[in-house]
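Novice: One structure, pasted below without further comment.
Derivation of every value follows stated rules applied to the coordinates shown; laboratory data play no part. Please read these numbers as outputs of a predicted model, since none were measured by experiment. Quick reminder, even Gly has a Cβ in these numbers, built from the backbone with ideal geometry, and neighbours come from all protein chains shown.
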Amino acid sequence: MSTSPIEQKQAGRYTFLCWGWREAGRWGHEVRLLDRGREVARSRIRYYNRTWENYRFQTAMMDAVERFKNNNIKITLETKREQFGGRLPRGVKYTTEKTIDADETIQGLRDYVNGHAGTVAYKLLMAGA
């Protein structure tokens, strides 16, 4: 893999750094998601055949967004677990997962990757909210 990214895509305060790589019989993409220059998620996707992406790096970018969401869920649950003395009350995990999944930042990043520029979450993301 090359040391400098092939593409850099800006989505508000978030940046996608994208690389492509090729090995014998397979190829892939690596994407790093940065929040104001700090890496918050990384994804590496390997392909053996064709990909049906709408544009280059789409699958790896979406995977990076999902990893970012899962990291946020993990950190939030660890914090809540500490607050409750090691055990989470019933329903807290489910509620936390649904709240973070519906977060405007996560939705805005998904909309950016999928090309849905007209949504409210996308507009808030690009405004830097």
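Novice: Just to be sure I understand: with springs between alpha-carbon atoms less than 10 Å apart, which residue in VAL113, VAL65, VAL92 has the highest mean-square fluctuation in the Gaussian network model of the chain?
Specialist: VAL92
Novice: Pairing the Cα long axis of helix 104-114 with the longest principal axis of the chain, what angle in degrees results, from 0 to 90 and rounded to the nearest 10?
Specialist: Taking Cα atoms only, the helix is inclined about 20 degrees.
Novice: Calculate, for ARG38 and TYR94, the FRET efficiency according to 1/(1 + (r/R0)^6) with r their C-beta to C-beta distance and R0 25 Å; round to the nearest 0.05.
Specialist: 0.30
Novice: Sum -39500 (n - 2.57) across every DSSP H segment of at least 4 residues in the chain, then divide by the residue count to get the 222 nm mean residue ellipticity, nearest 500.
Specialist: Counting only the DSSP helices, I get -13500 deg cm²/dmol.
Novice: A follow-up question, please. Mind listing the Cα extents of segment 7-127 along all three principal axes, in Å, largest one first?
Specialist: Principal extents (Cα only, largest first): 50, 35, 26 Å.
Novice: Mind listing the long-range amide H neighbours of ALA41? Cut-off is under 5 Å, sequence gap 5 or more, other chains count too, H placed in the peptide plane at 1.01 Å from N.
Specialist: Under 5 Å from the amide H of ALA41: LEU33.
Novice: While we're here: Whole-Hz Karplus ³J(HN,Hα) for segment 27-39, in order, using 6.51 cos²θ - 1.76 cosθ + 1.60 and θ = phi - 60°, x for Gly and Pro?
Specialist: Going residue by residue, I get 8, x, 10, 10, 10, 10, 9, 10, 10, 6, x, 9, 5 Hz, with x marking Gly and Pro.
Novice: Moving on. Tilt of helix 92-101 relative to the longest C-alpha principal axis of the chain, in degrees (0 to 90, nearest 10)?
Specialist: That helix lies at roughly 40 degrees to the long axis.
Novice: Can I ask one more? Taking chymotrypsin sites (Phe, Trp or Tyr not before Pro) as candidate sites, keep only those in a DSSP loop with at most 16 other Cβ atoms within 10 Å, then name the longest stretch of the chain containing none of them.
Specialist: In short, 1-47.
Novice: Same structure again: What is the count of Lys pairs in the chain whose alpha carbons sit under 18 Å apart, if the two are 8 or more places apart or on different chains?
Specialist: 8
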